1. Roughly how tilted is helix 304-322, in degrees to the nearest 10 and between 0 and 90, from the longest Cα axis of the chain?
2. Taking amide hydrogens as modeled 1.01 Å from N in the peptide plane, which residues meet the under 5 Å criterion relative to E193, leaving out close sequence neighbours?
3. A222's amide H: which non-local residues (gap 5+, or another chain) put their own amide H closer than 5 Å, with H modeled 1.01 Å from N in plane and none for Pro or chain starts?
4. Return the long-range amide H neighbours of Y54 (sequence gap of 5 or more, or a different chain), with a cut-off of under 5 Å between placed amide H atoms.
5. If the cut-off is a Cα-Cα distance under 12 Å, which aspartates and glutamates reach K168, setting aside same-chain residues fewer than 8 apart in sequence?
6. Please compare each pair in K2/K260; K17/K127; K41/K127; K5/K277 to a cut-off of 21 Å on the Cα-Cα distance and tell me which ones are over it.
7. Relative to the present Cα-Cα distance, how much length would full extension add between K115 and T141 at 0.36 nm per residue of separation?
8. Please compute the length gained on full extension between E298 and F276, using 0.36 nm multiplied by the number of residues separating them and subtracting their Cα-Cα distance.
Amino acid sequence: MKKLKIGVLGVSNHFVKRIVLPLQKTQNCYIYGIASRNEEKAAFASKQFNIPKYYNSYDELLSDDDIDMVFIPLPNHLHAEWIKKSAEARKHILCEKPLCLNAGEAEEAIAYAEKKGVKLMEAFMYKFHPLWVHVKDIVRTNQIGKITYLHTSFSYNNPSRTNIRNIKEYGGGAMMDIGCYAVSVPRFILDSEPVKVVSLISEHPGFGTDMLSTAIMDFGGARATFSVGTTSEPHQRVEITGTAGKISIPVPFNTFVDVKSSITITNNIGTRAVEFKPADQYGIMFDAFADAVIRDKEVPVSIDDAIKNQKVVDAVFRSAGTMNWETP
């Protein structure tokens, strides 16, 4: 089977830290080229990670007919622009979350990609990890009863004024960077959409970004809550509680690729810890997306999911302004 050639737009720290090594082990695709507006940076990454080609601009990469698909790990405010440009170049697209800055922008970018006949998927990698596949199976087989509430906590402490996550016009702040996970998880687990949300947001005094965001999502029965922050101790956890038990996930998103991961399940029989072999969730995601391209089938996570997730994020921001419940 032909392995698809991936072109990467940008040499981001996120890409280097979490993605480049998993993509050296994928079955359906491999990194063929990497682009940066700083040619030296692209050349260094190419040499360091044995990437065959490098380019001194994103447009130059997109003009290469050998590239089959692109990965966009650029700052959030650039996603819509480069989704459209990649689609114009007839490249299939895997784009970092969040897909765009708001639901309207996402709908426009998605429509453009569909018009050009290319596949597009938002890169919520956690859904592909064996850990989350197992959690989903536990829930859908009623092992902890009917879900009553979920809670997600996710934070880090980033004081850098120049970091893109702290620049409001770049789509920085807690909600866009990590709050999108906290919105995605209950939607993924419950297979439904919240009917209304209410939130409270604290703004960073220097950056103007949301530095602590808390929300309640009402799913018409089950409820989901979360707190996400950019000025708090590094921490992440998901708790899923049902009528007959609960699931605790101590490292739900940034799972380590070189050690086992685990969850704890409690029900009327007792408490058990379930371990999972080391897994490269990014590599699994890239292979699944590439397989959809190769076989010309639906992408594993519908692009409609990106719009629905962003509508909830948008409602969280609206609620913080109105101090009322808002409908996504």
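1. Taking the Cα atoms of the chain, the angle to 304-322 is about 60 degrees.
2. none
3. Correct list: empty.
4. Here the answer is I34, since their amide H atoms fall under 5 Å of that of Y54.
5. Result set, ordered by chain and number: D177, E203, D210.
6. Working: K2/K260 31 Å; K17/K127 19 Å; K41/K127 31 Å; K5/K277 28 Å.
In this structure, K2/K260; K41/K127; K5/K277 exceed 21 Å between Cα atoms.
7. On the way: separation 26, 0.36 × 26 = 9.36 nm, distance 3.89 nm.
Going from the current span to full extension adds 5.5 nm.
8. On the way: separation 22, 0.36 × 22 = 7.92 nm, distance 2.77 nm.
Stretched out fully, the E298 to F276 stretch lengthens by 5.1 nm.
Read the figures in this text as sums done on the coordinates, not as results from a lab. Quantities reported herein were computed from a predicted structural model and do not represent experimental measurements. A quick note on method: Cβ atoms are made from the backbone with ideal geometry, for glycine too, and the neighbour counts reach across all protein chains shown.
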